[in-house]
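Asks: The structure's right below; bear with me while I get my questions together.
The values are calculated or read from the model by the stated rules, or taken from the named source; none is laboratory data. What you see is a predicted model; the values in this text were computed from it and never measured. Positions of Cβ are generated from backbone atoms using ideal geometry, with glycine treated the same way; all protein chains shown enter the neighbour counts.
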Amino acid sequence: QKEVEQDPGPLSVPEGAIVSLNCTYSNSAFQYFMWYRQYSRKGPELLMYTYSSGNKEDGRFTAQVDKSSKYISLFIRDSQPSDSATYLCAIVGVDGKLTFGQGTILTVHP
Amino acid sequence: GAVVSQHPSWVICKSGTSVKIECRSLDFQATTMFWYRQFPKQSLMLMATSNEGSKATYEQGVEKDKFLINHASLTLSTLTVTSAHPEDSSFYICSAIAGVTDTQYFGPGTRLTVL
């Protein structure tokens with residue numbers, strides 16, 4: 001079993017839709033939970049991070065963590081074509097290393 | 001803030017040659033830098049962790065003699081792919097943090113193609 005499992009997608013949604021991206025993890029020692037966005041042939045860009053259970057909002061993005069279920073989600077409201085990218089969940093262990101999910105390719109079509 | 005650069009952005013080399021990739025933190029001092037490799041349509045795989053002034057720590061399965069890492073200063077780490085082969089063709093990405101609890105900021109990546 002991989003340490004971090006991410007719904008691989010791909011996802012294709014119309015502009016304005018609400019997008020839900022999900023990951024599960026197996027190691028309860030993980031401390032920080034991150035979401036990165038990666039455009040084609042570019043490095044990952046940090047979108048959001050959190051370290052506690054609950055919701056964290058930033059504009060159209062909401063990160064949700066449920067430590068009891070070892071489940072993290074990213075919601076995108078009012079999705080835009082510019083949101084089309086690969087989204088990577090990543091979890092930080094006590095050693096500071098990131099473990100990434102497989103990534104979900106999202107396409108938002110006009 | 002928190003800008004990380006990489007150079008070159010892409011490189012093509014012949015099989016058997018060595019290639020050096022630079023990773024720089026532009027506006028902060030990076031106590032630790034990480035090197036990742038990403039194959040097409042796959043996620044990032046950590047290759048090694050580099051701390052300034054000490055030897056890099058390599059992940060299992062990564063050949064330290066093939067992928068030489070030097071972290072000579074708090075703003076620069078280099079990855080040298082020695083005796084490159086076509087199977088080394090990949091997207092190499094570095095990241096940097098200022099402290100152990102800080103988030104990782106990623107460079108734009110270097111695309112290596114070995115002919």
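Asks: Specify the residue that is surrounded by the fewest Cβ atoms within 10 Å (Cβ to Cβ); the eligible residues are those in region B:88-115 that are charged (D, E, K, R) and modelled with pLDDT of 95 or more.
Replies: Restricting attention to region B:88-115, the residues satisfying the condition of being charged (D, E, K, R) are B:88, B:102, B:111.
After this cut, where a residue has to be modelled with pLDDT of 95 or more as well, the list is B:88, B:111.
Values: B:Asp88: 19, B:Arg111: 15.
Applying the filter and picking the extreme gives B:Arg111.
Asks: Kindly indicate whether B:Leu112 is free of Cβ contacts under 8 Å to residues at least 60 places away in the same chain, within 14 Å of chain A (Cβ to nearest Cβ) and under 27 Å from A:Ile105 (Cβ atoms). Walk me through how you get there before you give the answer.
Replies: Details: free of Cβ contacts under 8 Å to residues at least 60 places away in the same chain: no; within 14 Å of chain A (Cβ to nearest Cβ): yes; under 27 Å from A:Ile105 (Cβ atoms): yes.
So B:Leu112 does not fit the description; no.
Asks: Among the listed residues A:Tyr25, A:Tyr49, identify the single one that is within 14 Å of the chain's Cα centre (by Cα), free of Cβ contacts under 8 Å to residues at least 60 places away in the same chain and closer than 30 Å to B:Cys23 by Cβ. Break it down into steps so the answer makes sense when it comes.
Replies: Numbers: A:Tyr25 fails: free of Cβ contacts under 8 Å to residues at least 60 places away in the same chain.
Criteria check complete, one pass: A:Tyr49.
Asks: Going residue by residue through region A:75-83, is there one that turns out to be surrounded by 14 or more Cβ atoms within 10 Å (Cβ to Cβ) and aliphatic (A, V, I, L, M)? It would help to see each step written out before you state the result.
Replies: Pass one, region A:75-83, residues surrounded by 14 or more Cβ atoms within 10 Å (Cβ to Cβ): A:75-76, A:79, A:83.
The next check asks that each one be aliphatic (A, V, I, L, M); those that pass are A:76.
Yes, region A:75-83 has at least one match.
Asks: Follow-up. Any idea how many residues of region A:59-110 are more than 17 Å from A:Pro8 (Cα to Cα) and either aliphatic (A, V, I, L, M) or away from chain B (no Cβ under 14 Å) (or both)?
Replies: If we filter region A:59-110 for residues that are more than 17 Å from A:Pro8 (Cα to Cα), which is where we start, we get A:59-70, A:77-82, A:92-98, A:109-110.
So of that shortlist, the ones also either aliphatic (A, V, I, L, M) or away from chain B (no Cβ under 14 Å) (or both) come out as A:59-70, A:77-82, A:92, A:94, A:98, A:109-110.
So the answer is 23.
Asks: Here is a further query. Search region A:65-110 for residues being among the charged types (D, E, K, R) and in contact with a Lys or Arg (Cβ under 6 Å, 6 or more places away or on another chain), and hand back the single one that is farthest from A:Lys2 (Cα to Cα). Walk me through it before giving the result.
Replies: Here is the first cut: in region A:65-110, the ones among the charged types (D, E, K, R) are A:66-67, A:70, A:77-78, A:83, A:95, A:97.
Next cut, in contact with a Lys or Arg (Cβ under 6 Å, 6 or more places away or on another chain) only: A:77-78.
On the way: A:Arg77: 29, A:Asp78: 32 Å.
My answer is A:Asp78.
Asks: Which of the residues spanning region B:72-102 are touching a residue at least 60 places away in the same chain (Cβ under 8 Å), within 12 Å of chain A (Cβ to nearest Cβ) and not aliphatic (A, V, I, L, M)? Reasoning before the result, please.
Replies: First, the residues of region B:72-102 that are touching a residue at least 60 places away in the same chain (Cβ under 8 Å): B:80-86, B:92-100.
With within 12 Å of chain A (Cβ to nearest Cβ) added as a condition, the list becomes B:92-100.
Passing the criteria: B:Tyr92, B:Cys94, B:Ser95, B:Gly99.
Asks: Search region A:86-97 for residues that are outside any strand (DSSP E or B) and pair each with any residue that is of a type in the set (Gly, Ala, Ser) when their beta-carbon atoms are under 8 Å apart and the residues are at least 6 apart or on different chains.
Replies: As it stands, the answer is A:Gly93/A:Ala29; A:Val94/A:Ala29, since those pairs meet every condition given.
Asks: Let me ask something else. Quick check on region B:33-54: of everything there that is modelled with pLDDT under 90 and within 11 Å of chain A (Cβ to nearest Cβ), which residue is farthest from the chain's Cα centre (by Cα)? Can you show your working first?
Replies: The initial filter retains those residues of region B:33-54 that are modelled with pLDDT under 90, namely B:40-43, B:51-54.
If we keep only those that are within 11 Å of chain A (Cβ to nearest Cβ) too, we end up with B:40-43, B:51.
Values: B:Pro40: 17, B:Lys41: 19, B:Gln42: 17, B:Ser43: 15, B:Asn51: 12 Å.
Top of the filtered list is B:Lys41.
Asks: Here is a list of conditions, (1) out of contact with any Cys (no Cβ under 6 Å at 6 or more places or on another chain); (2) more than 26 Å from A:Gly103 (Cα to Cα); (3) touching a residue at least 40 places away in the same chain (Cβ under 8 Å), and B:Ile21 meets all of them except one; can you say which number that is?
Replies: (2)
Asks: Given the criteria without any contact (Cβ under 8 Å) to a residue 60 or more places away in the chain, more than 12 Å from chain A (Cβ to nearest Cβ), part of a loop (DSSP other than H, G, I, E, B) and within 17 Å of A:Leu98 (Cβ to Cβ), does B:Gln60 qualify?
Replies: Details: without any contact (Cβ under 8 Å) to a residue 60 or more places away in the chain: yes; more than 12 Å from chain A (Cβ to nearest Cβ): yes; part of a loop (DSSP other than H, G, I, E, B): yes; within 17 Å of A:Leu98 (Cβ to Cβ): yes.
So B:Gln60 fits the description; yes.
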